[in-house]
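K.L.:
Below you'll find the structure I mean.
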Amino acid sequence: MKYKNTNPFYLKKSFLCLVTLLTLIPIPSFASSTVQPMLDTGDTAWMLISSALVLLMTIPGLALFYAGMVRKKNVLATMMQSFSICCIITIVWVAMGYSLVFTTWNSFIGNLSQFMLHGILGNYHMGVDKGFVLGANSSNPVLMTIPQSIYVLFQMTFIIISVAILVGSVAERIKFSALCLFCVFWSLFSYVPVAHWIWNPTGWLANLGAIDFAGGTVVHINAGIAGLICALVIGKRLGYGRSDLAPHNVGYAVMGASLLWVGWFGFNGGSALGANGRAAMAVLVTQIAAAAGGIGWMSVEWICRKKPTVLGIVSGAVAGLVVITPAAGFVMPGPALLMGFFGGIICFWSCSYLKRKLGYDDSLDAFGIHGIGGIIGAILTGFFAFGPLSATESDPLGINASFHLVIAQTEAVVVTLLWSSLVSYLLLKIIDAFIGLRVNNDAERQGLDMVLHNEQIN
């Protein structure tokens, strides 16, 4: 009778050998003979700065924003979520996320030719680093004047904040182990496909005409609807609607929102992929929309509740930032102001009335701000797109507002809502069946800081 060797040392050694072999297997990269563009140092410098700004949005920006809105006993656990997601998703992106999004296999998913970032040094020739071509074998290749390494990093910061956004919907009650598993699989099965469909030149939604400048669909709608599904599946916090669940420290939230606002310049401005006029316009409309969103939320809150709140105006500014994200490189300042103001009002209604009417507990309004704001921004982009901002030598007219564009944007919104909802629901049910999603009632009453992490704020 034969016995299998289950010695952990040999299992570990076998796993490492397998990973090494995978990195050495010459998977076809489908590269074309498209001429590589020269690297531009100004564009590269701007993208380095933008990458740092977008990372700033998650840690410490979103970490502080979310931590300020939970109760004192859950502050550290909430910060831990953002920080751990930054670590976990970095590895997922390096291992296979980037390759599956930005390489070419078919219109639904990429291939693993750049597994563990294999081959990204291919643009170094005799000490000279050149730009690279995204979608080299497609009918619409994108010539980059930046090294592929910084593009990998820039896009990494997007998937990190997407995952960090959605977990705010289940703050104060989800198991940390369940959260880690969900984040890994959601990033691979929801974020990665949607990003490929829209941001890869060969993606099927991109070929339908859908546009998303900096993540209104890929990031905000995708994460927002996933957050709603998480809130519905996991259920309400103990005492929701009866006990005092007021924020522990609104000052934290203001600091976090301020960091988000500043970081958003890299989020939207960096999506121009260079230090150019389009990046400058994207930064300008970002500022305008954020201000208009804050004013919109504050105004309607002032009218309805007689007093404007600090948490209200900062939430409105974030709503304005979300709304302008898909449109930042396509619209002029006037439409940006309207979009931000309208977004602030609608997101106030969503967080204050829709949530209460439907009875779900989206703890930190991931859906109310990011989901609803992303939908508004994506569709309004179809109404306000101004062609000269996106014009190129191959497309001198650029992308203009049209009925066809509105339809394409609506299709992208609906597809993202359906796909992310389905993936999120299935993942949650599977994880719940194996390890459970939620802490027990005693742990929730005591607080996740001590129960899950053995730490607390004194």
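The values are calculated or read from the model by the stated rules, or taken from the named source; none is laboratory data. Remember, predicted model here, so these are calculated numbers, not experimental data. Cβ atoms come from the backbone with ideal geometry, glycine included; neighbour counts cover every protein chain shown.
K.L.:
If I ask for residues that are outside any helix (DSSP H, G or I) and among the aromatic types (Phe, Trp, Tyr), which ones from segment 301-339 would you list? Outline the logic, then answer.
P.N.:
From segment 301-339, those outside any helix (DSSP H, G or I) are 306-309, 328-332; that's our starting set.
If the condition is that a residue be outside any helix (DSSP H, G or I) and among the aromatic types (Phe, Trp, Tyr), then Phe330 is the only one that fits.
K.L.:
Can you go through Leu418, Leu380, Leu448 and tell me which one is at pLDDT 95 or above and more than 21 Å from the chain's Cα centre (by Cα)?
P.N.:
When all the criteria are applied, what remains is Leu448.
K.L.:
Name the one entry in Val101, Val75, Val70, Val92 that is buried (at least 17 other Cβ atoms within 10 Å of the Cβ), touching a residue at least 12 places away in the same chain (Cβ under 8 Å), not charged (D, E, K, R) and not in a helix (DSSP H, G or I). Before the answer, list the steps.
P.N.:
On the way: Val101 fails: not in a helix (DSSP H, G or I); Val75 fails: not in a helix (DSSP H, G or I); Val92 fails: not in a helix (DSSP H, G or I).
Within the list Val101, Val75, Val70, Val92, the selection yields Val70.
K.L.:
Name every residue in segment 341-381 that is on the phi > 0 side of the Ramachandran plot and surrounded by 22 or more Cβ atoms within 10 Å (Cβ to Cβ), in order of residue number.
P.N.:
The answer is Asp365, and nothing else.
K.L.:
Just to verify a result, which residue in segment 382-418, among those that are in a helix (DSSP H, G or I) and of a type in the set (S, T, N, Q), is surrounded by the fewest Cβ atoms within 10 Å (Cβ to Cβ)?
P.N.:
Restricting to residues being in a helix (DSSP H, G or I) and of a type in the set (S, T, N, Q), the top hit is Thr410.
K.L.:
Still on this structure: Test of understanding: among Leu76, Leu62, which residue is farther than 16 Å from Val192 by Cα and more than 17 Å from the chain's Cα centre (by Cα)?
P.N.:
Leu76
K.L.:
Only residues that are touching a Gly at 6+ places or on another chain (Cβ under 9 Å) and among the β-branched types (Val, Ile, Thr): list them for segment 280-320, please.
P.N.:
Of everything in segment 280-320, those that are touching a Gly at 6+ places or on another chain (Cβ under 9 Å) and among the β-branched types (Val, Ile, Thr) turn out to be Val283, Val285, Thr286, Ile288, Ile295, Val300, Val310, Ile313, Val314, Val318.
K.L.:
Looking at Gly239, is it at positive phi and not β-branched (Val, Ile, Thr)?
P.N.:
For Gly239, the condition - at positive phi and not β-branched (Val, Ile, Thr) - is met.
K.L.:
Let me ask you something else. Mind checking which residues of segment 289-303 are within 13 Å of Leu337 (Cα to Cα), among the hydrophobic types (A, V, I, L, M, F, W, C) and crowded, with 22+ Cβ neighbours inside 10 Å?
P.N.:
Here is the first cut: in segment 289-303, the residues within 13 Å of Leu337 (Cα to Cα) are 289-296.
Now narrow it down to the ones that are among the hydrophobic types (A, V, I, L, M, F, W, C): 289-292, 295.
Those that are within 13 Å of Leu337 (Cα to Cα), among the hydrophobic types (A, V, I, L, M, F, W, C) and crowded, with 22+ Cβ neighbours inside 10 Å: Ala289, Ala290, Ala292.
K.L.:
Has segment 435-457 got any residue that is in contact with a Leu (Cβ under 6 Å, 6 or more places away or on another chain) and not in a helix (DSSP H, G or I)?
P.N.:
yes
K.L.:
OK, next. Residue by residue through segment 244-255, note down the ones that are in a loop (DSSP other than H, G, I, E, B) and either among the small types (Gly, Ala, Ser) or crowded, with 22+ Cβ neighbours inside 10 Å (or both).
P.N.:
Ala246
K.L.:
I've got another one for you. With the structure loaded, tell me whether Thr58 is crowded, with 22+ Cβ neighbours inside 10 Å and at pLDDT below 95 or whether it fails that test.
P.N.:
For Thr58, the condition - crowded, with 22+ Cβ neighbours inside 10 Å and at pLDDT below 95 - is not met.
K.L.:
Now a separate question. Could you run through segment 191-218 and say how many residues are under 12 Å from the mean Cα position of the chain (by Cα) and more than 23 Å from Asn400 (Cα to Cα)?
P.N.:
3
K.L.:
Take the residues of segment 104-128 that are assigned to a loop (DSSP other than H, G, I, E, B) and among the β-branched types (Val, Ile, Thr): which is modelled with the lowest pLDDT?
P.N.:
For segment 104-128, the residue satisfying everything is Thr104.
K.L.:
Exactly one condition in (1) over 30 Å from Gly227 (Cβ atoms); (2) at pLDDT 95 or above is false for Thr157; which is it?
P.N.:
Every listed condition holds for Thr157 apart from (1).
K.L.:
A further question follows. Starting from segment 446-458, keep only residues that are free of Cβ contacts under 8 Å to residues at least 40 places away in the same chain and surrounded by 13 or more Cβ atoms within 10 Å (Cβ to Cβ), then list their pairs with residues that are of a type in the set (Gly, Ala, Ser) and not in a loop (DSSP other than H, G, I, E, B) whose Cβ atoms are within a distance under 8 Å, requiring at least 6 positions of separation or different chains.
P.N.:
Pairs found: Val451/Ala443.
K.L.:
Something else: Suppose we filter segment 256-282 for residues that are surrounded by fewer than 18 Cβ atoms within 10 Å (Cβ to Cβ) and part of a helix (DSSP H, G or I); how many remain?
P.N.:
So the answer is 4.
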